[in-house]
1. Just give me the residues in the range 134-146 being open to solvent by less than 40 Å² (accessible area, probe 1.4 Å) and either over 24 Å from V97 (Cβ atoms) or not small (G, A, S) (or both), in sequence order.
2. If you scan the range 134-160, which residues turn out to be at pLDDT 90 or above, hydrophobic (A, V, I, L, M, F, W, C) and under 15 Å from A4 (Cα atoms)?
3. Of all the strands (runs of 3 or more DSSP E) wholly in the range 16-108, which have at least 1 residues that are open to solvent by less than 50 Å² (accessible area, probe 1.4 Å) and in contact with a Phe, Trp or Tyr (Cβ under 8 Å, 6 or more places away or on another chain)?
4. Would you mind stating whether S42 is touching a Ser or Thr at 6+ places or on another chain (Cβ under 6 Å) and either basic (K, R) or under 16 Å from P101 (Cα atoms) (or both)?
5. Out of the residues in the range 109-133 meeting the condition of being farther than 15 Å from A4 by Cβ and free of Cβ contacts under 8 Å to residues at least 24 places away in the same chain, tell me which one is surrounded by the most Cβ atoms within 10 Å (Cβ to Cβ).
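The values are calculated or read from the model by the stated rules, or taken from the named source; none is laboratory data. Since the structure is predicted, the reported quantities are computational estimates derived from the model, not experimental observations. Because the Cβ atoms are built from the backbone with ideal geometry, glycine has one as well, and the counts that use them run over all protein chains shown. Remember, those area values only see protein heavy atoms, side chains included, never the ligands or the DNA or RNA. Shrake-Rupley method; radii C 1.70, N 1.55, O 1.52, S 1.80 Å.
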Amino acid sequence: VLFAGADPISQTISVLELAVLSNDSERTYVPGQNPMSLLRFSLPPGSRELQVDANLVGSSVIQVDRGFGITGAVPPGEHQFQFSYVIPYNEGTFSFVKSLPYGARLVRVLVPLSKAIGLSSPQLGESVETDIGTTRYSLLSAFDLPRGTQLVVYLNGLRGPTFGERLAWTAEKTRYEFVAPIIVALVAFG
C-alpha cells in the first residue's frame, strides 16, 4: 500500500495498492454467480476514483459492498493486481483499515518522507526509512498475516488547507466572466 500523498485542499489521500495473488493449487479457481465467491478486494469507506489493472485475461471488475471483485477465473500461478483510489480525510490523524480475507505473506505500507505524513500500526511494528529509486520512504511491514486480519494503519500529521491555498483554489475555480464584476464590487465596497 502506497500513500502517494495528501491533498489538503480537497482533503483526500491518493492510494496505490499492488497485490500479488498466488494460486498454489493445480486447479483454476472459477468464481460462481454469488458475489461472495468472487475474488474480492476491500476498499476504505468513501473511496472513489477507483482504477484497476489486473493481468487476468477475460476478467472484469465489479463493485461489491465494501470494495470490488474480479469476475474472471484465476489459473494456477501468480497474478498481479494494481489499483488506485482516493479517500477523504479530516485534519489530524486518519485510520486506514484494510481487510485481508485471504491473509498475506507480506504486507508493506509506504509513504514518501517528503509528504511529512507519519505512519504507525499496531500490527506492523516500527517504521523504517528506505530508498526506492530516488525517493526516500517511511516503511511499515509484516510477514505471514493470517486470513481475516483487519490491518489498521494510522496516518498522522494530515493538514487542512491554509488560507492562501483556499484563496488560490477559489480563484482557480472562479469563472472568468465573474472576475470583473467581483473586482468592481470590491472596489465599490472599499
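1. Residues of the range 134-146 open to solvent by less than 40 Å² (accessible area, probe 1.4 Å): 137-140, 142, 145.
Listed by number, the residues that qualify are Y137, L139, L140, L145.
2. Residues satisfying the conditions are L139, L140, V153.
3. Working: elements: 39-42, 48-54, 61-64, 67-70, 77-88, 92-100.
Qualifying strands (runs of 3 or more DSSP E): 39-42, 48-54, 67-70, 77-88, 92-100.
4. It is true that S42 is touching a Ser or Thr at 6+ places or on another chain (Cβ under 6 Å) and either basic (K, R) or under 16 Å from P101 (Cα atoms) (or both).
5. That would be S127.
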